[in-house]
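What follows is a short report on a single structure.
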Amino acid sequence: MRKIVLVLMLSMLALGASAQTLYKLIDRNGKVTYAEKPPKDFDGKVIRMDVDPNANTATLPKPTGPLVDPGRATANESVRIAQEKLEAAKKAYQQALDNPGDADVAYIGNKGGGTRAVQTEGYAKRLADLEKAVKDAEEELKRAERG
């Protein structure tokens, strides 16, 4: 008798572990959220969903090409990556030059009247940092081309 009770208890535990319950909550605006427990004071629609995790498995496609360690890029790949970094750095620098913001320029008066635009310290520092990024990217490209 004890064996039967033990088998029944173990099978109930196994069933409980294999099934999970989620609740789909749909509010008045149609927004859908999911919860592990039904909410007490929810004025929208609650839908109980019993999920069998063993039935919901994803199968990944088999790789078609050679497996390459992403940490070890080929020489051509390193050059391409360095070129992309250089182009991005040049673009950011040129964009900062072409489009200074209102906070990047201060206007001071001229001796003969009128005003002229002058770079703020923050803008000058940002341009210097972007210029340095371009030079660093150029050096990285040279190193990648040397292999």
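The values are calculated or read from the model by the stated rules, or taken from the named source; none is laboratory data. Since the structure is predicted, the reported quantities are computational estimates derived from the model, not experimental observations. Here the Cβ positions follow ideal geometry from the backbone for every residue, glycine too, while neighbour counts run over all protein chains shown. What goes into the accessible areas is simple: the full protein's heavy atoms, side chains included, and nothing from ligands, DNA or RNA. Shrake-Rupley method; radii C 1.70, N 1.55, O 1.52, S 1.80 Å.
Check segment 125-144 and report whether any residue there is of a type in the set (Asp, Glu), more than 30 Å from SER78 (Cβ to Cβ) and surrounded by 12 or more Cβ atoms within 10 Å (Cβ to Cβ). Scanning segment 125-144, I find no residue that is of a type in the set (Asp, Glu), more than 30 Å from SER78 (Cβ to Cβ) and surrounded by 12 or more Cβ atoms within 10 Å (Cβ to Cβ), so the answer is no.
All conditions but one from (1) part of a loop (DSSP other than H, G, I, E, B); (2) on the phi < 0 side of the Ramachandran plot; (3) open to solvent by less than 80 Å² (accessible area, probe 1.4 Å) apply to LYS111; the one that does not is (3).
Within segment 93-104, the set of residues being of a type outside the set (Phe, Trp, Tyr) and surrounded by 13 or more Cβ atoms within 10 Å (Cβ to Cβ) comprises ALA96, PRO100, ASP104.
Against the numbered list (1) farther than 25 Å from GLU138 by Cβ; (2) modelled with pLDDT of 80 or more; (3) touching a helix residue (DSSP H, G or I) at 6+ places or on another chain (Cβ under 9 Å), VAL46 comes up short only at (3).
With respect to the conditions (1) of a type outside the set (Val, Ile, Thr); (2) open to solvent by less than 80 Å² (accessible area, probe 1.4 Å); (3) more than 30 Å from TYR23 (Cα to Cα), ALA55 falls short on a single one, namely (3).
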